[in-house]
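Every number in this text was worked out from the coordinates using simple rules, so none of it is lab data. What you see is a predicted model; the values in this text were computed from it and never measured. All Cβ positions, even for glycine, are placed from backbone atoms using ideal geometry, and neighbour counts span all protein chains on display.
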Amino acid sequence: MSDYNKRLVEVDEVLKYLSKEDLEKIPEDIRKLIKENKDINYIWHYDETKSLKEQGLNRDTIAFLSYLNMEYLLDEKQKSFIEQLHRLNEQKIEEQKQKSYANKDLFKKRDKSESIEKSNTQEKDTFLTEYKENYFTRFKNFILKLLNIKR
């Protein structure tokens with residue numbers, strides 16, 4: 001949980017640089033929750049000379065800031081645009097997966113002698129696949145941990 005508390009330090013520091021009007025759009029209870037749960041021993045400073053992208057923020061911090069932006073700072077037209085952008089990005093990712101895992105060559109007939117020869121000369125490797133959660137799932141888990149909600 002301490003890693004999440006460090007992310008809250010980053011979020012709180014970024015929120016300090018919002019305009020007063022934008023900061024007031026974020027509910028007081030959420031701002032209070034951030035302040036109460038942040039790690040008091042972790043120090044992170046926002047560099048005004050750099051853009052937000054160049055700040056070296058953690059992915060969880062970016063996810064949390066994105067959530068706050070979508071929920072409280074954007075108007076309906078902007079939200080619609082961002083949601084459409086997310087859908088297009090997901091489609092592109094799916095298309096890339098489809099291309100890289102195309103099954104047209106998967107069941108191609110091979111010469112039996114060639115496959116036996118290959119199996120005799122090569123060792124079979126066993127690979128472990130690493131499971132990576134998408135941003136939405138990581139963000140949802142972050143919020144659930146923050147609010148101490150068990151799944």
Q. R0 = 30 Å: FRET efficiency of residue 37 with residue 88, Cβ-based, nearest 0.05?
A. 0.30
Q) Past the 27 Å Cα-Cα mark, which pairs from 53/140; 16/53; 50/92; 97/145; 16/79? A) 50/92; 97/145
Q. Once you put a point 7 Å from the Cα of residue 77 and another 7 Å from the Cα of residue 16, both along the Cβ direction, what distance in nm separates them?
A. 3.4
Q.
Under a Cβ-only charge scheme (Lys and Arg +1, Asp and Glu -1), can you give me the dipole magnitude of segment 1-96 about the Cα centre, in debye to the nearest 20?
A. 100
Q) Amide H of residue 39: which non-local residues (sequence gap of 5 or more, or other chain) have their own amide H closer than 5 Å, using H built in the peptide plane? A) 6, 8, 9
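Based on the inverse mean of 1/r over its pairs of different Cα atoms, what is the Kirkwood hydrodynamic radius of segment 1-47, in Å? Intermediate results must be reported in sequence, preceding the final value.
On the way: mean 1/r = 0.0909 Å⁻¹.
Roughly 11.0 Å, rounded to one decimal.
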Q) What does a probe at residue 30 reach in segment 43-71, counting residues whose amide N is under 13 Å from the point 7 Å along Cα→Cβ? A) 63-71
Q. At a Förster radius of 41 Å, what calculated FRET efficiency corresponds to the Cβ-Cβ distance of residue 100 and residue 52, to the nearest 0.05?
A. 0.80
